[in-house]
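Worksheet: one structure, shown below.
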Amino acid sequence: MAPTSMGVQPFQVLVITDPELKKQILPVAYNQQQMVDCSHLLVFAAWDNVTEARVKAFIDLNIEVRNVTAEKLAPLSANMEKYINDTAENNFQWAARQTYLAFGVGLVAAAQARVDATPMEGFNPEALDELLGLKELGLRSVTLMPLGKREEEKDWLVALPKVRKSKEDLFIRK
């Protein structure tokens, strides 16, 4: 239920639990041990482009769920069509930003459930996309989120305080 622009959700989340696949991902993620230690590895992947088929599927889903007519959704459909006429790279960048919204909500949800989660961008997206066959799905990987329970005795960071900017340094008031 994460918020996204117009509610489109231009992404998918791959849930990887297969230990062998996680081992294959390990070098693609610069040998970060969380890849194989986690119980679940979430790969957040954005649409590579906004297409007529994807817009139609989104409008059709709205018609079905909200029990409205296509005519009632004409303004939404028209707004979505502007993306069809934009470049694939601009559309991917928009979709990637929407993906980050869901990613952030996922991190908060994990924390509320007392599941350890690590936000990660440290991986080779092109290599991961190839390994997972994302191009064939019209997707590009954006972020990774390993989930599980940390082994506190092996985690050198667990006892250290978090380092964050002070409120005065973080917020600019005008």
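A short reminder: the numbers here are calculations on the coordinates, not readings from a lab. Bear in mind the structure is a predicted one, so any value in this text is a computation, not a measurement. Note that each Cβ is placed from the backbone with ideal geometry, even for glycine, and that neighbours are counted across all protein chains shown.
Once you have a ≥ b ≥ c as the square roots of the Cα gyration tensor eigenvalues for the chain, tell me rounded if a/c is under 1.5, and otherwise prolate or oblate according to whether a/b is larger than b/c. Prolate is the answer for the chain, as a/c is 1.5 or above and a/b outweighs b/c. List the residues of segment 117-155 whose backbone N lies under 16 Å from a point placed 7 Å from the Cα of residue 88 along the Cα-to-Cβ direction. Those under the cut-off are 126-127, 129-130, 133-141. Across segment 116-126, computed HN-Hα scalar couplings (Karplus, 6.51 cos²θ - 1.76 cosθ + 1.60, θ = phi - 60°) run 6, 9, 10, x, 9, 10, x, 7, 8, x, 4 Hz from first to last residue, x flagging Gly and Pro. Packing order of peptides 70-82, 90-102, 51-63, highest average first: 90-102, 51-63, 70-82 (average count of other Cβ atoms within 10 Å over each peptide's residues).
Could you name the aspartates and glutamates whose alpha carbon sits less than 20 Å from that of residue 162, not counting residues in the same chain fewer than 8 places away? Straight-distance partners of residue 162: 116, 121, 151, 152, 153. The protection proxy used here, the mean number of other Cβ atoms lying within 10 Å of each residue, ranks peptides 163-171, 42-50 as follows, highest first: 42-50, 163-171.
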